[in-house]
Amino acid sequence: MNAFIKKHEYNYIKRCMQDLNNAFRSSTDANIIEATRAYICNKILNIFPNLSKEEKELLDITKINDPLYIDSYLNELHEYVYEMPTTTNAQINKLFKKEKKLKIPNLDLQDSKNVYLGWLDESTRKLFVAYNMNGKLVGMTCKLTSSSSNNTHMCTLCNRIGKENDVAFVSAICKTDNTGEGAYRSIGFDICLDSDKCNDRILSVEKLERILKDVNNIK
């Protein structure tokens, strides 16, 4: 059986399994647990419109009758999560060709099943994001704003709430249809500074793709 689960879908399933784990540990009523399990199973199956018999059997949680089996279930599912298309240093350099002295992370050390590739360059105070959208690599450069407040922020991508050393407000330059003065504009949003952890929490790519389309003027 081939991979059929996207990373953000896997994260959603993990969130669902946390709810099941809570049900196991907070209730001794077998009927409540069974109803909760059936409800969560439907939520998981409804993510995928066209499942084969084997895929449906793999996702099925109705036989999980003990929270100790949840980790093994998730570990088995992880084997069927899509990997990101291979990205090379040359592709990254081309994507961010306007950046002088671009520092590229060791791509071999990146989780190949992440939703997006992201890294922070502390020396330039910039967060770089690269993402494969419909078979094309797109990216954005996010400039961290200077602030020393203790305010909390919520990541636009994964909804993580944290202080500015965890989730920060950034600005990204957007391309426009104009060719002369005013050819660029900027947008601001909050984002996790640790992209790996953000990748483990993101449940939908809708907001990520919307921002990247805005930044790259993709209609």
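The values are calculated or read from the model by the stated rules, or taken from the named source; none is laboratory data. Since this is a predicted model, take the numbers as computed values, not measurements. When we count neighbours, we look across all protein chains shown, and the Cβ atoms used for this are built from the backbone with ideal geometry, even at glycine. The accessibility values were calculated without ligands, DNA or RNA, using every heavy atom of the protein model including side chains. Shrake-Rupley method; radii C 1.70, N 1.55, O 1.52, S 1.80 Å.
Tabulated data
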quantity	calculated
Across K101/K219; K94/K163; K94/K207; K14/K94, pairs whose alpha-carbon gap is larger than 28 Å	K101/K219; K94/K163; K14/K94
C-alpha center-to-center spacing [the range 44-63, the range 100-156] in angstrom	33 Å
For T141, solvent-accessible area (1.4 Å; no DNA, RNA or ligand), Å²	40 Å²
Dimensions (Å) - the range 55-125, Cα atoms, principal axes, largest first	56, 24, 16
Carbon and sulfur %, accessible surface of the chain computed with the full protein complex present, 1.4 Å	46 percent
Overall dimensions of the chain as given by Cα atoms, namely Rg and Dmax in Å	20.2, 68
Per residue accessible area in Å² of the chain, where ligands, DNA and RNA are left out and the probe is 1.4 Å	60 Å²
Cross-link partners of K136 among aspartates and glutamates (Cα-Cα below 16 Å; sequence separation of 8 or more within a chain)	E83, E209, D214
The chain: DSSP helices with Cα axial extent of at least 18 Å and average Kyte-Doolittle hydropathy no lower than 0.5	30-45
Nearest-0.05 FRET efficiency for K53 and K213, computed from C-beta distance (R0 41 Å)	0.65
P(r) histogram, all alpha-carbon pairs of the range 90-213 included - 10 Å bins from 0, percent	12, 44, 36, 8, 0
CD proxy at 222 nm, helix term only [per DSSP H run n ≥ 4: -39500 (n - 2.57); per residue of the chain; nearest 500]	-10000 deg cm²/dmol
Cα principal axis extents for the range 35-77, largest first, Å	29, 23, 13
